[in-house]
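Single-structure report; data block below.
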Amino acid sequence: MSKLIGNIYDFECKLFKFVNRHFEKKLLNHYFRMITHIGGAAFTISLCLFLIFLTKEPIKIVAISSGAALLFSHIPVAIMKRIYPRKRPYIVLHETKVLQNPLTDHSFPSGHTTAIFSVITPFILFIPKLAILLFPIAFNVAISRIYLGLHYPSDVLAGMFLGSFVGAICYSSIFL
């Protein structure tokens, strides 16, 4: 079993390095530094509040489920970061490229990824055609976390799953 886990970790490190090695490319660097903030607390909370207070039903109800998903998805994120105190890849993996003043808390799971997926999932469930626009944005936020040297691929996968799961639960508790 430990050999399997070791092989999975080795693969994950290779995947991380494959994405992070492009850090010096000016256009990509600018793009990922900007898009990563879409998964941040300031943007996701502001977006949910904006849609809750400035739209009418049924969008307002979807926005409420997104806000609830954002709130409830971060409870397990905080718990998991304490239970599984995984060091960020820039601390563990040599030659990782990272921004100045990187995050110092634990990396598993990715909070930015969890946030963006928890916010978009209710909207995609309500209007499935929005997936064409929203999923690529959320996926790029997830990739940005690896690109910027802050998360392993499994951190963002866990965030994608957790955010989507909680988003679906919050949506179904209101609409079903």
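Quick notes
- With a Förster radius of 35 Å applied to the beta-carbon distance between residue 54 and residue 82, the computed FRET efficiency rounds to 0.45.
- For residue 139, solvent-accessible area (1.4 Å; no DNA, RNA or ligand), Å²: 90 Å²
- Residues residue 94 and residue 130, FRET efficiency given R0 of 35 Å [Cβ-Cβ distance, rounded to 0.05]: 0.25
- Extent along principal axes [Cα atoms of segment 109-168; Å; largest to smallest]: 33, 20, 12
- Cα-based shape type of segment 61-126, given that a ≥ b ≥ c are square roots of the gyration tensor eigenvalues and the cut on a/c is 1.5: prolate
- Overall form of the chain per C-alpha gyration tensor (a/c, 1.5; a/b vs b/c): prolate
- Segment 1-86 shape via C-alpha gyration tensor axes, a/c threshold 1.5: oblate
- Residues of segment 119-146 falling in the label zone of residue 15, defined by backbone nitrogen less than 17 Å from a point 7 Å along Cα to beta-carbon, are 139-146.
- Listed by chain and number, the lysines whose alpha-carbon sits under 23 Å from that of residue 129, ignoring those within fewer than 8 places in the same chain, are 56, 60.
- Each peptide in 112-118, 123-129 was scored by the mean count of other Cβ atoms within 10 Å over its residues; highest first, the order is 112-118, 123-129.
- Percent RCO, i.e. relative contact order, over the chain, from Cα pairs under 8 Å lying at least 6 residues apart: 32 percent
- Rounded percent of accessible protein surface that carbon and sulfur make up, the chain, 1.4 Å probe: 72 percent
- Per-residue ellipticity at 222 nm from helix content only, as computed over the chain with -39500 (n - 2.57) for each DSSP H run of at least four residues, stands at -24000 deg cm²/dmol.
- The GluC sites (Glu not before Pro) of segment 1-106 meeting both criteria, a DSSP state outside H, G, I, E and B (loop) and at most 10 other C-beta atoms within 10 angstrom of the site's C-beta, are 24, 95.
- Most tightly packed first, judged by the mean number of other beta-carbon atoms within 10 Å of their residues, the peptides 48-54, 5-11 read 48-54, 5-11.
- What the phi angles of segment 20-30 give under the Karplus curve with 6.51, -1.76 and 1.60, with θ = phi - 60°, is a coupling list of 5, 5, 8, 3, 7, 6, 4, 5, 4, 4, 4 Hz, glycine and proline written as x.
- Using the 1.4 Å probe convention, the accessible area of the chain works out to 57 Å² per residue with neighbouring protein chains retained.
The values are calculated or read from the model by the stated rules, or taken from the named source; none is laboratory data. Everything numeric here is computed off the predicted structure, so don't read it as measured data. Cβ sites come from the backbone with ideal geometry, for glycine too, and all protein chains shown count toward neighbours. Calculation scope for accessible area: heavy atoms of the full protein, side chains included, ligands and nucleic acids excluded. Shrake-Rupley method; radii C 1.70, N 1.55, O 1.52, S 1.80 Å.
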